[in-house]
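Below you'll find the structure, written out as structure tokens, and then a few comments.
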Amino acid sequence: MTNLWQETKTIAVVGLSEKPSRPSYQVAQYMQSVGYRIIPVNPLCSEILGERCYPDLLSIPEPIDMVNVFRKSEDCLPIAQDAVKIGAKSLWMQQGVINQEAYDHAQFEGLEAVMDKCLMIEHMRQ
């Protein structure tokens, strides 16, 4: 996973909430504060953390290194499929987000996949 941190510059956060009390906001804000570019994916918002929001991964007009998922476990397979379509290098399903099919699909398609781990906690351990 050491290469993952070096190769990642831009993180699309699927399910990023605009509410500062939500874990998705806190994790994204932390990652932004340590130098990562955050691209929010939330069809209900126009901007979060000073960045333009997109309704889905396929709408983002620039390369994405990591797709960080804050969605229900059962919603993850289409997100993994879209992560492959946009050429992301990794798929990270947050703590409590568990979908073996999405994980396997991402790995089969060459993405580094992480499941049921908090991005912020793992980054702090580096």
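No lab work stands behind these numbers, since they all come straight from the coordinates. On a predicted model such as this, the values are computed, not experimentally measured, just so you know. Quick reminder, even Gly has a Cβ in these numbers, built from the backbone with ideal geometry, and neighbours come from all protein chains shown.
Under the condition of being of a type in the set (Ser, Thr, Tyr) and part of a helix (DSSP H, G or I), which residue from the range 17-50 is nearest to residue 71 (Cα to Cα)?
24
With the requirement that a residue be surrounded by 15 or more Cβ atoms within 10 Å (Cβ to Cβ) and closer than 17 Å to residue 8 by Cα, what does the range 97-114 give you?
Within the range 97-114, 106, 111, 112, 113, 114 meet the criteria.
Pairs, please: C-beta under 6 Å, at least 6 apart or cross-chain, first residue over 15 Å from residue 111 (Cα atoms) and in the range 66-84, second among the small types (Gly, Ala, Ser)?
70/15; 70/24; 71/15
Check residue 102 against each of (1) within 17 Å of residue 57 (Cα to Cα); (2) in contact (Cβ under 8 Å) with a residue 60 or more places away in the chain and name the one condition it does not meet.
Only one criterion is unmet by residue 102, namely (2).
Please determine, by comparing only the residues of the range 1-52 that are over 18 Å from residue 121 (Cβ atoms), of a type in the set (D, E, K, R) and surrounded by 14 or more Cβ atoms within 10 Å (Cβ to Cβ), which one is nearest to the chain's Cα centre (by Cα).
37
Filter the helices (runs of 4 or more DSSP H) completely within the range 61-126 down to those with at least 1 residues that are within 21 Å of residue 6 (Cα to Cα) and touching a helix residue (DSSP H, G or I) at 6+ places or on another chain (Cβ under 6 Å).
100-108, 119-125
Please go through the range 62-82 and pick out each residue that is within 22 Å of residue 35 (Cβ to Cβ) and surrounded by 14 or more Cβ atoms within 10 Å (Cβ to Cβ).
Start the filter on the range 62-82 by keeping residues that are within 22 Å of residue 35 (Cβ to Cβ), which leaves 62-70.
If the condition is that a residue be within 22 Å of residue 35 (Cβ to Cβ) and surrounded by 14 or more Cβ atoms within 10 Å (Cβ to Cβ), then 64, 65, 66, 67, 68, 69, 70 are the ones that fit.
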